[in-house]
Amino acid sequence: MTKTIHVTAIGNAIVDVMAFAEDAMIVREHMRKGTMQLIDQARGDALYATMGSGVEVSGGSAANTLAGMASLGARTAFIGKVAADELGKIFRHDLRAVGVDFDSPVASEGAGTGRCLILVTPDGQRTMNTYLGVAGVLAESDIDAARITQAQMLYTEGYMWFDAGTKQAIRHSFSLARAAETKVAFSLSDTFCVESNRDEFLALIQDDVDILFCNEAEACALYPELGFEAVIKKLQGQCEIVAVTCGEKGSQLLTREGRVHVPAKRVAEVVDTTGAGDLYAAGFLYGLTHGMELAACGALGSACAADIIQHLGARAQKPLKRLLAA
């Protein structure tokens, strides 16, 4: 079968509301700095009232990755759910505007479009509070089989792993991918996701995933009894490629044959780390679906991540295609 799409992703359709905040607010609101927590609508309304002036921008981890890939010039498609409300219109418009194919039907009933309240502290670290709304509830009927079978790669996020029906829908998508010889890529997303779903994630890594993305903390959360080096040895060989990002220390790319270290790309100032992992995945998957060597995939991922952390928000402000010539 001819593959006409580089990557199809299934993810949470979320609109981010971002604001700068002091560390004292993170402590006062009982948040774990640098992580994500799920909240209900009432908590979201209360937290929004305490935030400073915010900026609305379409987000969602997998959607951010596709937006980055599209900015590099890749053909991408998104499967996700929004409601028939203003945030849903914003999300759909923004994703299509950057060149991502998004034709999933609008939810006709249920909760509103998901939103994430993101507090960015002076060190550039982001702390996320997510109300999933309709985004976190998918059924098998929401999975566009053609978008998966036509793709070189299917990509999804650990943030989706909090609803039984959604899990079943994603497992169905994995079956479609296998039948179509579409590779499966998965992001652990957050330590909260790992700690909540450790056994299921370990089974997914072993049985379903070809390419795994995680950061150092997420990798260690998989095996809390082990040190980082032991975790690396444990992960190596469990799937085709494991990409472990380690902030300013760069990234470790693990294959069954060995390990490749990719240095981080230095930046003058870190403004906001929101989307760093998403954009690393964007560059890496672009490279992988365009025949680049493994180290070059990692280097492009690092360049995309470096670009995104120099401004507020997880969507590129200048075309990332310029990084291909760098």
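The values are calculated or read from the model by the stated rules, or taken from the named source; none is laboratory data. The shown structure was predicted, so the numbers you read here are calculated from the model rather than taken from an experiment. No Cβ is skipped: glycine too gets one built from the backbone with ideal geometry, and neighbour counts run over all protein chains shown.
How many of the residues in region 140-153 are in a strand (DSSP E or B) and among the polar types (S, T, N, Q)? Give the derivation first.
Quick first cut of region 140-153, residues in a strand (DSSP E or B) only: 151-153.
Still in the running and among the polar types (S, T, N, Q): 152.
Residues that pass the stated criteria total 1.
All conditions in (1) surrounded by fewer than 24 Cβ atoms within 10 Å (Cβ to Cβ); (2) within 28 Å of Gly283 (Cα to Cα) hold for Thr65, with the sole exception of (1).
Checking the conditions here, which among Ile10, Ile26 is over 21 Å from Phe162 (Cα atoms), of a type outside the set (Asp, Glu) and surrounded by 15 or more Cβ atoms within 10 Å (Cβ to Cβ)?
Working: Ile10 fails: over 21 Å from Phe162 (Cα atoms).
Just one listed residue meets the conditions, Ile26.
Within the set Phe192, Phe213, the sole residue that is closer than 25 Å to Met128 by Cα, surrounded by fewer than 22 Cβ atoms within 10 Å (Cβ to Cβ) and in contact (Cβ under 8 Å) with a residue 60 or more places away in the chain turns out to be Phe192. Would you point out the residue of region 229-257, among those that are buried (at least 19 other Cβ atoms within 10 Å of the Cβ) and not β-branched (Val, Ile, Thr), that is nearest to Val209 (Cα to Cα)? Checking each candidate, the answer is Cys239.
The sole residue among Gln125, Gln168 that is under 27 Å from Tyr286 (Cα atoms) and surrounded by fewer than 20 Cβ atoms within 10 Å (Cβ to Cβ) is Gln125.
Within region 282-326, the set of residues being among the polar types (S, T, N, Q) and modelled with pLDDT under 95 comprises Gln310, Gln317. Checking the stated criteria, Val55 turns out to be in contact (Cβ under 8 Å) with a residue 12 or more places away in the chain, farther than 15 Å from Ala135 by Cα, aliphatic (A, V, I, L, M) and surrounded by fewer than 20 Cβ atoms within 10 Å (Cβ to Cβ).
Considering only residues in region 258-269 that are basic (Lys, Arg) and assigned to a loop (DSSP other than H, G, I, E, B), the one that is nearest to Phe213 (Cα to Cα) turns out to be Lys265.
Any idea which residue in region 232-276 is modelled with the lowest pLDDT, counting only those that are closer than 30 Å to Leu117 by Cα and of a type in the set (D, E, K, R)?
The first filter runs over region 232-276 and keeps only residues closer than 30 Å to Leu117 by Cα, leaving 242-251, 264-276.
Then drop every residue that is not of a type in the set (D, E, K, R), which leaves 248-249, 265-266, 269, 272.
On the way: Glu248: 92, Lys249: 95, Lys265: 93, Arg266: 90, Glu269: 91, Asp272: 87.
That would be Asp272.
Filtering region 80-97 to residues that are of a type in the set (A, V, I, L, M), touching a residue at least 24 places away in the same chain (Cβ under 8 Å) and surrounded by fewer than 20 Cβ atoms within 10 Å (Cβ to Cβ) leaves Ala84, Ile90.
Checked against (1) under 30 Å from Ala180 (Cβ atoms); (2) in contact with a helix residue (DSSP H, G or I) (Cβ under 9 Å, 6 or more places away or on another chain), Arg92 meets all criteria but (2).
Report yes if some residue within region 86-99 is within 17 Å of the chain's Cα centre (by Cα) and closer than 27 Å to Ser196 by Cα; otherwise report no. Scanning region 86-99, I find no residue that is within 17 Å of the chain's Cα centre (by Cα) and closer than 27 Å to Ser196 by Cα, so the answer is no.
Screening the candidates Glu218, Glu293, Glu269 for the property of being among the acidic types (Asp, Glu), surrounded by fewer than 18 Cβ atoms within 10 Å (Cβ to Cβ) and more than 21 Å from Arg315 (Cβ to Cβ) yields one hit, Glu293.
Among the residues of region 154-169, those identified as touching a helix residue (DSSP H, G or I) at 6+ places or on another chain (Cβ under 6 Å) and part of a helix (DSSP H, G or I) are Gly158, Tyr159, Met160, Thr166, Ala169.
Determine if region 71-79 includes at least one residue that is within 22 Å of Trp161 (Cβ to Cβ), in contact (Cβ under 8 Å) with a residue 60 or more places away in the chain and of a type outside the set (Val, Ile, Thr). Checked region 71-79: at least one residue is within 22 Å of Trp161 (Cβ to Cβ), in contact (Cβ under 8 Å) with a residue 60 or more places away in the chain and of a type outside the set (Val, Ile, Thr).
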